[in-house]
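Asker: Here it is, the structure, as structure tokens.
Please treat every number below as a calculation from the coordinates, not as lab data. Predicted model only: the values in this text are computed from it and were never measured. Glycine gets a Cβ as well: all are built from the backbone with ideal geometry, and neighbour counts include every protein chain shown.
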Amino acid sequence: MNESPETRLSLIARLHEASDGDAWSEFVRTYEPLILSIAQRRGLQHADAAEVTQEVLKRVADSIEKWDPDPRKGAFR
């Protein structure tokens, strides 16, 4: 994957609701390949890159409630 997906704030906002399975499924479908690709480009073997990808997604899930979409604080990525 060469291009980063466009981050839709509407999707990110829906992630605050942990029970919104559709939002989380879309988020994972969108970002899992990107995270995996970045990890592999950094030299990780596929199994290790997959583990890192799962850890990144878990950390997003654990901390999304605290994310503030204020552009002065930086982008979601």
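Asker: Starting from the chain, pick out the chymotrypsin sites (Phe, Trp or Tyr not before Pro) whose DSSP state is loop and whose Cβ has at most 16 other Cβ atoms within 10 Å. Present the calculation step by step, with values, prior to reporting the outcome.
Answerer: Numbers: sites: Trp24, Phe27, Tyr31, Trp67, Phe76; in loops: Trp67, Phe76.
Within the chain, the qualifying chymotrypsin sites (Phe, Trp or Tyr not before Pro) (loop, at most 16 other Cβ atoms within 10 Å) are Trp67, Phe76.
Asker: Same structure, new question: Find how much the distance from Glu51 to Glu32 grows on full extension, using 0.36 nm per residue of separation minus their present alpha carbon separation; answer in nm with one decimal.
Answerer: 5.7 nm
Asker: Could I ask something else about it? Using a simple spin-label model with points 7 Å from Cα along the Cα→Cβ vector, what separation in nm is obtained for Thr7 and Glu65?
Answerer: According to this spin-label approximation, the distance is 2.1 nm.
Asker: For the range 10-65, state which trypsin sites (Lys or Arg not before Pro) are in a DSSP loop and have at most 12 other beta carbons lying within 10 Å of their beta carbon.
Answerer: Taking the range 10-65 and a limit of 12 other Cβ atoms within 10 Å, the loop trypsin sites (Lys or Arg not before Pro) found are Arg42.
Asker: Can you give the relative contact order of the chain as a percent, counting alpha carbon pairs under 8 Å and 6+ residues apart? Please report the intermediate quantities before stating the final value.
Answerer: Working: 35 pairs, mean separation 23.1, N = 77.
Across the chain, relative contact order equals 30 percent.
Asker: Moving on. Between Leu34, Leu44, Leu15, where does the largest GNM mean-square fluctuation fall for the chain, given springs only between Cα atoms within less than 10 Å?
Answerer: So, out of Leu34, Leu44, Leu15, the one fluctuating most is Leu44.
Asker: Something else about it: Subtracting the Cα-Cα distance from 0.36 nm times the residue separation, let me have the gained length for Leu44 to Lys58 in nm, one decimal. All intermediate terms of the calculation are to be shown ahead of the outcome.
Answerer: Working: separation 14, 0.36 × 14 = 5.04 nm, distance 1.88 nm.
The Leu44-Lys58 span can extend by a further 3.2 nm.
Asker: Of the GluC sites (Glu not before Pro) in the chain, which ones lie in a loop per DSSP and count no more than 15 other C-beta atoms within 10 Å? Intermediate results must be reported in sequence, preceding the final value.
Answerer: On the way: sites: Glu3, Glu6, Glu17, Glu26, Glu51, Glu55, Glu65; in loops: Glu3, Glu6, Glu17.
Of the GluC sites (Glu not before Pro), the ones in loops of the chain whose Cβ has at most 15 other Cβ atoms within 10 Å are Glu3, Glu6, Glu17.
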